[in-house]
1. Among the candidates E49, E45, E88, E102, single out the residue that is closer than 13 Å to L16 by Cα and acidic (D, E).
2. When both residues are 6+ apart or on different chains and their Cβ atoms are under 8 Å apart, which pairs have a first residue that lies in the stretch 85-96 and is farther than 23 Å from R113 by Cα, and a second that is among the small types (G, A, S)?
3. Of all residues in the stretch 29-43, which are of a type in the set (A, V, I, L, M, F, W, C) and at pLDDT 95 or above?
4. Can you pull out every residue in the stretch 65-110 that is at positive phi and not hydrophobic (A, V, I, L, M, F, W, C)?
5. Residue pairs, Cβ under 7 Å, 6 or more apart or interchain, first in the stretch 115-129 and in a loop (DSSP other than H, G, I, E, B) and at pLDDT below 95, second among the basic types (K, R) and loosely packed, with under 15 Cβ neighbours inside 10 Å. List them.
6. Report yes if some residue within the stretch 49-57 is assigned to a helix (DSSP H, G or I) and of a type in the set (S, T, Y); otherwise report no.
7. Can you tell me which residue is surrounded by the fewest Cβ atoms within 10 Å (Cβ to Cβ) among those in the stretch 79-103 that are polar (S, T, N, Q) and at pLDDT below 95?
8. For the stretch 62-95: of the residues being under 22 Å from W134 (Cα atoms) and assigned to a helix (DSSP H, G or I), which is nearest to the chain's Cα centre (by Cα)?
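The values are calculated or read from the model by the stated rules, or taken from the named source; none is laboratory data. Just so it is clear, the model here is predicted, and its values are computed rather than measured. Quick reminder, even Gly has a Cβ in these numbers, built from the backbone with ideal geometry, and neighbours come from all protein chains shown.
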Amino acid sequence: LLDLGVQPLSGPSRVLLCGEADFSYAAALCATQRGAIEVTATAFEEEMELHERYPRAAEALARVRAAGARCDFGVDARELSRRYPSEEWDRVVFNLPQAPPEPRRRNQIQRQRALLRDFCAAAASVLSRDGQIWVTLLAGQGGTRLDPNQRAIGDS
C-alpha cells in the first residue's frame with residue numbers, strides 16, 4: 001500500500017490522501033518515499049476534533065509535517081474541486097472510506113456506496129492527465145458477489 005506506482009518524471013509526483021483519520025498512513029508513506037512525492041494529507045475533522053478523536057494523531061502529524069507534507073483539515077472528500085479549485089494530483093487515495101453511521105437506519109450500504117460514488121467524481125475533477133484514483137476497502141466492504149468475504153445480511 002505504500003508503493004503508489006508513481007515515477008517522478010520532471011519532479012516529485014503529487015499525491016492527495018483523503019480521510020486520513022490519525023495520519024498514520026500519511027506518516028508511513030512520507031517515511032518510505034522520502035521526498036520522491038509531494039504529499040497533501042487531509043482529514044474530514046478539524047484539527048482540534050481530530051486530536052480528541054485520535055490521541056496518537058499528534059505524533060503522526062509531527063512526522064508528516066517534518067517530512068514537508070501539507071496537512072489540511074475539514075476536507076470533505078466529496079467536495080475536492082471546491083476545496084482545491086486549481087490543483088491537480090497524480091494519485092488521489094482514500095483508504096477505508098467510511099460514511100458516519102446513522103443509528104437505527106437501514107441500508108447503511110447505500111450511504112457507503114454514495115460516499116464512494118461522490119468521492120470518485122470529486123477525485124476525477126482534481127486528477128492530473130494520467131492520474132489515478134486508489135481506494136482501499138475492508139474485506140467484505142465491496143458489497144458484491146465478487147467480494148471474497150461476504151458479510152451477513154444487515155451487516156453493512
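1. Values: E49 fails: closer than 13 Å to L16 by Cα; E45 fails: closer than 13 Å to L16 by Cα; E102 fails: closer than 13 Å to L16 by Cα.
None of the others qualify; the one that does is E88.
2. Matching pairs, first to second residue: E88/S128; E88/G131; W89/S128; W89/G131; D90/S13; D90/S128; D90/G131.
3. Within the stretch 29-43, the first condition is being of a type in the set (A, V, I, L, M, F, W, C), and the residues that meet it are 29-31, 36-37, 39, 41, 43.
Result: V39, A41, A43.
4. First pass over the stretch 65-110, keeping only residues at positive phi: 68, 74, 96, 104, 107.
G68, G74, R104, N107, listed by residue number.
5. From residues that are in a loop (DSSP other than H, G, I, E, B) and at pLDDT below 95, there are no pairs.
6. In the first step, residues of the stretch 49-57 are kept if they are assigned to a helix (DSSP H, G or I); the result is 49-53, 57.
Next, from what is left, pick out any that are of a type in the set (S, T, Y): none.
Looking through the stretch 49-57, none of the residues is assigned to a helix (DSSP H, G or I) and of a type in the set (S, T, Y).
7. Step one: list which residues in the stretch 79-103 are polar (S, T, N, Q), which gives 81, 86, 95, 98.
Filter once more, so that each one left must be at pLDDT below 95: 95, 98.
Working: N95: 17, Q98: 13.
For the stretch 79-103, the residue satisfying everything is Q98.
8. By that ranking, first place goes to L80.
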